[in-house]
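A.B. asks: What follows is a single structure, and I will ask about it in a moment.
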Amino acid sequence: MDHDEEQELEAEALAAIFDESFEIISSSPNHWKVTLYPVDCDDEAESDEANFVGCNLIVNLPEDYPEVLPELDVQIIKGLAQEQKEILLNIAMEEAEQYTGMPAIYSVCEAIRAWLVDNNIKGLDDQSMHAQMMRRARDEELKKEQKQQQFESQKLKEVITEAESEE
């Protein structure tokens, strides 16, 4: 299968999955836009109520894609600051690198959406010192919770291993 055919099939799949949230900006070269929110909603009012953050993933595909990485950019729709845009762009690039040689855009979208779900809170676009301090404190609290979960998981594994070796 040649690169053009692979890109065309990927566009068809993305259009089927994302419906109106997927837009082909141009087809030669392939230039796409995927609108991403944490929660899929039927109408705009419901979406505004459920989604505090959102972004567009802008995709430019080189001729040799998927053998080479796509060119990706993130445009903020709502609720995010430049800091979060950079985080999302890094997530997108890391995900695309993992899928080099295979169609990657769906996986990139899902990785971004997962981050949006975890960060679907009001005020991420607030750049005041207080807001930045509160975000850092929240991030530190999440890290502590994750470390505690990892510790408890490791402890449980050790108990299970010990119990198995006694048998």
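The values are calculated or read from the model by the stated rules, or taken from the named source; none is laboratory data. Predicted, not measured: the structure shown is a model, and the values here were computed from it. Quick reminder, even Gly has a Cβ in these numbers, built from the backbone with ideal geometry, and neighbours come from all protein chains shown. For accessibility, only protein heavy atoms count, side chains too; no ligands or nucleic acids. Shrake-Rupley method; radii C 1.70, N 1.55, O 1.52, S 1.80 Å.
A.B. asks: Out of (1) within 30 Å of A11 (Cα to Cα); (2) open to solvent by 60 Å² or more (accessible area, probe 1.4 Å); (3) modelled with pLDDT under 95, the odd one out for M129 is which?
C.D. replies: Result: M129 fails condition (1) only.
A.B. asks: When you scan the stretch 39-57, how many residues do you find that are among the polar types (S, T, N, Q) and free of Cβ contacts under 8 Å to residues at least 60 places away in the same chain?
C.D. replies: Total satisfying the criteria: 2.
A.B. asks: If a residue must be exposed (fewer than 14 other Cβ atoms within 10 Å of the Cβ), polar (S, T, N, Q) and out of contact with any helix residue (DSSP H, G or I) (no Cβ under 8 Å at 6 or more places or on another chain), how many such residues does the stretch 76-98 contain?
C.D. replies: 2
A.B. asks: Filtering the stretch 27-52 down to residues that are in a strand (DSSP E or B) and open to solvent by less than 40 Å² (accessible area, probe 1.4 Å), which residue is nearest to Q84 (Cα to Cα)?
C.D. replies: Among residues in the stretch 27-52 that are in a strand (DSSP E or B) and open to solvent by less than 40 Å² (accessible area, probe 1.4 Å), the one nearest to Q84 (Cα to Cα) is L36.
A.B. asks: Right, here's the next one. Could you please find all residues in the stretch 58-85 being assigned to a loop (DSSP other than H, G, I, E, B) and in contact (Cβ under 8 Å) with a residue 40 or more places away in the chain?
C.D. replies: Hits for the stretch 58-85 are L61, E63, D64, Y65, P66, E67, G79, L80, A81.
A.B. asks: Take the stretch 1-26 and flag every residue that is open to solvent by 40 Å² or more (accessible area, probe 1.4 Å), in contact with a helix residue (DSSP H, G or I) (Cβ under 7 Å, 6 or more places away or on another chain) and not in a helix (DSSP H, G or I).
C.D. replies: Residue satisfying the conditions is I24 alone.
A.B. asks: Here is a further query. For the stretch 1-60, what are the residues that are touching a Cys at 6+ places or on another chain (Cβ under 7 Å) and among the β-branched types (V, I, T)?
C.D. replies: V34
A.B. asks: Here is a list of conditions, (1) at pLDDT 95 or above; (2) of a type in the set (V, I, T); (3) not in a helix (DSSP H, G or I), and T100 meets all of them except one; can you say which number that is?
C.D. replies: (1)
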